[in-house]
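Working notes, beginning with the structure itself.
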Amino acid sequence: MKKSRIALIVPLFIITALCFSAFKGDNHNFQLSKQLNIFNTLIKELDLYYVDTIMPEKTIKTGIDAMLTKLDPYTTYYTEEGSQELKMMITGKYAGIGSLIRFHEKKNTTAIAEPYDNMPAAKAGLQIGDLIQSINGVSVIGMSSDSVSNMLRGEAGTKLTIVVERPGKKEHITIKLERESIALPSIPYYGMMRDSIAYLQLESFTEGCSKEMRRALIEMKNKGAHAYIIDLRSNGGGSLQEAIEIVNLFVPRGLNIVETKGKTKRSNQIYKTTREPIDTVSPLIVLVDGHTASAAEIVSGSLQDLDRAVIIGSRTYGKGLVQVTRELPYNSYLKVTTSKYYIPSGRCIQAIDYSHRNEDGSATRIPDSLTNVFHTAAGREVRDGGGISPDIEPKEEKLTTLLFNLIQDMAIFDFATDYKLSHATIAPAETFELSDEEYNKFKEYLKATGFSYDKESYKVLKKLKKTLEMEGYAEATKAEVEKMEQTLQHNLDHDLNYFAKDVKRLISDEIIKRYYSQKGGIIFSLRDDTDIAESFKLLDDIARYRNILSAKK
């Protein structure tokens, strides 16, 4: 009797344990189903009983956006209307007029900022500085530049009538044009520098950019290039496959470049080089900065891990997450983070841990003290968790308060527009210089427009004065505070003289773009570029170049 009871209890215990185990394993699915049911019921209740009529698409999109924000900034929902934006990000193509635009606060409308060569805006005669008044009969005065941008985009082949106010002209100008499929150039400029150095600026990793890069490299190699500078500054990334193809231009086939690791088997992939390279031996420099991210970090990081390139600039952004696009019902899409990527040394350069947030919900960078050491092919130490640290880090130029305000106020933009009205031609971008006489005219122009700005240091001092008064130290510190006030007193003439070199450079850049478009602006900017100067210095000392790429003994 006792044995039979024990025999009965044991199977019951096993069955109970198995049921509990099954329930525990299925708990995630149960919770998911439960929460979806609650959400579905809640929306229906809102629709029935909320005092005002709700817009289902707007309400639910707000909820989806808020939910995804808690994950990471790259997991994003696109409605059917927003899917064109996603396609443009992936392909670099859209249908529109092919021009940068910018809201001009003083004029309360949107200005043409930079028409791209051989695209509808430029072909129809739109110019930098033109102030858009209306599009297809609809006034855009006071409208945000985002709204204006949406009006300018549309189906390829559709027609637009744009009315603009052009500086120097009394009457408004009506311009008719036709939207075209716009493929933004992934390589806006490449060329030879100092006879044997090839320079290539890669702006994004859109479809086909590796083929463009291959053609450009072959062309410059045939012209006698013996060293290369690849500029990835402000390159926010794009296609993972294009990044691998570009690395392959400089390293042999068969090398592991990227490994992705995620939750699903499909997310776990190893990507290798598969083609014959262009050049595996010539000196190679890659320029990076804090806006170099994602696929651009795969290229710079892989070339660093393989000891194939010297990296010059400042630490990169640190995006080691991979996204894929998933199709949803009704032509909507989800761009979702599915994995992290690891470059040849085995490191992941993701700088922000979104899974562990502060109490206020913010995410912070992984501190350097918690990063791990990895090694390049030659044995050099590199670290994970914080972007790509350059091998050479020139002193970074800071944008002063004066320069920032001159840009924001559109003062330089407007002066350059007026300059073109009185100068039919200028010297080539390679040699153009703004004379002292013209710079003095700019100073007079600023005063005439009533330009003013508050220094950040002066704002801080004003706050300090209030704090000293509240805490009863105003009298005791009066002399010191007055001395600081005198030192920081607003003096536009002094600041324009002190920062003359930087202000002249900004003015020259704006002027050159009005005569030689984007390409001219790039050529001019490279003339006074500290990273380029550091690159030349290194290429003049090949022994130092090789030493950087060797393990320290």
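Each value in this text was obtained by applying a stated rule to the coordinates, not by laboratory testing. Since the model is a prediction, treat every value here as computed from it, not as a measurement. Every residue, glycine among them, receives a Cβ derived from its backbone with ideal geometry; neighbour counts consider all protein chains shown.
See the values below:
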{"read-out": "Answer label for Rg and Dmax of the Cα atoms in Å (calculated), chosen among [x] 29.2, 114; [y] 26.6, 86; [z] 24.6, 78", "value": "[x]"}
{"read-out": "Net charge, ALA296 excluded, C-beta distance under 14 Å - Lys, Arg +1, Asp, Glu -1", "value": "-3"}
{"read-out": "On Cα atoms only, tilt of 411-421 relative to the major axis of the chain in degrees", "value": "50 degrees"}
{"read-out": "Extension gain from VAL138 to ASP541, taking 0.36 nm per residue of separation minus the Cα-Cα distance", "value": "139.0 nm"}
{"read-out": "Computed over region 323-388: relative contact order in percent, which uses C-alpha pairs under 8 Å that are six or more apart", "value": "27 percent"}
{"read-out": "Theoretical FRET efficiency, 1/(1+(r/R0)^6), r = Cβ-Cβ of LEU370 and LEU71, R0 25 Å, to 0.05", "value": "0.70"}
{"read-out": "C-alpha long axis of helix 2-49 to longest principal axis of the chain, angle in °", "value": "30 degrees"}
{"read-out": "Helix 56-69 vs. the chain, principal-axis angle (Cα, 0 to 90°, nearest 10)", "value": "90 degrees"}
{"read-out": "Net charge over other residues, Cβ less than 12 angstrom from the Cβ of LYS272 (K, R count +1; D, E count -1)", "value": "0"}
{"read-out": "Cβ-derived FRET efficiency at R0 25 Å, ASN491 paired with LYS465, nearest 0.05", "value": "0.80"}
{"read-out": "FRET efficiency, 1/(1 + (r/R0)^6) with R0 25 Å, evaluated for HIS356 and HIS291 via beta carbons", "value": "0.50"}
{"read-out": "Relative contact order [Cα under 8 Å, 6+ residues apart], the chain, whole percent", "value": "11 percent"}
{"read-out": "Dipole of region 371-457, positive direction: furthest Cα of ALA424, PHE404, GLY387, with charges on the beta-carbon", "value": "GLY387"}
{"read-out": "Cα gyration tensor shape of region 412-553, rounded if a/c is under 1.5, else prolate or oblate by comparing a/b with b/c", "value": "oblate"}
{"read-out": "Surrounding net charge for SER389, when Lys and Arg each add one and Asp and Glu each subtract one, Cβ distance under 14 Å", "value": "-4"}
